[in-house]
1. How many residues does the stretch 1-11 hold that are surrounded by 10 or more Cβ atoms within 10 Å (Cβ to Cβ) and in contact (Cβ under 8 Å) with a residue 40 or more places away in the chain?
2. Kindly provide the set of residues from the stretch 78-107 that are under 23 Å from E18 (Cβ atoms) and not polar (S, T, N, Q), ordered by number.
3. Return the pair list, or none, for Cβ contacts closer than 9 Å from residues in the stretch 21-39 that are at positive phi to residues that are among the small types (G, A, S) and surrounded by 11 or more Cβ atoms within 10 Å (Cβ to Cβ), at least 6 apart or on different chains.
4. What helices (runs of 4 or more DSSP H) completely inside the stretch 12-111 contain at least 2 residues that are at pLDDT below 90 and surrounded by 13 or more Cβ atoms within 10 Å (Cβ to Cβ)?
5. Quick check on my filter: what residues within the stretch 16-69 are among the polar types (S, T, N, Q) and closer than 25 Å to L83 by Cα?
6. Test each condition in (1) among the acidic types (D, E); (2) farther than 16 Å from I21 by Cβ; (3) in contact with a strand residue (DSSP E or B) (Cβ under 6 Å, 6 or more places away or on another chain) for D46 and report the one that comes out false.
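The values are calculated or read from the model by the stated rules, or taken from the named source; none is laboratory data. What you see is a predicted model; the values in this text were computed from it and never measured. Backbone-built Cβ (ideal geometry, glycine too); neighbour counts: all protein chains shown.
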Amino acid sequence: MLLAKSLPSLPDCLKTDEALIRGCESKVWLHIDLDESQHNLVLVGDSDTRIVKGLFAIVLSMYSGLTPAQAKEIDAYAEFETLGLIKHLSPSRGNGVRAIVDTIQDKLSQW
């Protein structure tokens, strides 16, 4: 929950249906863009709950600043398992983490 405070709130105009991640019990919005000058990923997002926003901050930290090629090699869900975090989450929260990671990977596969 402390990590949730590290993420700035997403402006309401960016909380669109297109940015909403499907498969999360909580509302989670994600925008992924590419910094054209450095070819690095820029990920911004928000959630309507502090716990999910904190989990989301961890996921974003794993991908932000990487090139799309580097990010494709990351499996943030597996990292959560390695860190032992998944076992401390309810099944619905674990599914939400997977939905966030899958959404990021789906977007990366388009680049």
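1. So the count comes out to 5.
2. G96, V97, R98, A99, I100, V101, D102, I104, D106, K107
3. Sorted first by the residue in the stretch 21-39, then by its partner, the pairs are G23/G96; G23/A99.
4. By residue number, 50-63.
5. Within the stretch 16-69, S26, S47, T49, S61, S64, T67 qualify.
6. Against the list (1) among the acidic types (D, E); (2) farther than 16 Å from I21 by Cβ; (3) in contact with a strand residue (DSSP E or B) (Cβ under 6 Å, 6 or more places away or on another chain), D46 comes up short only on (2).
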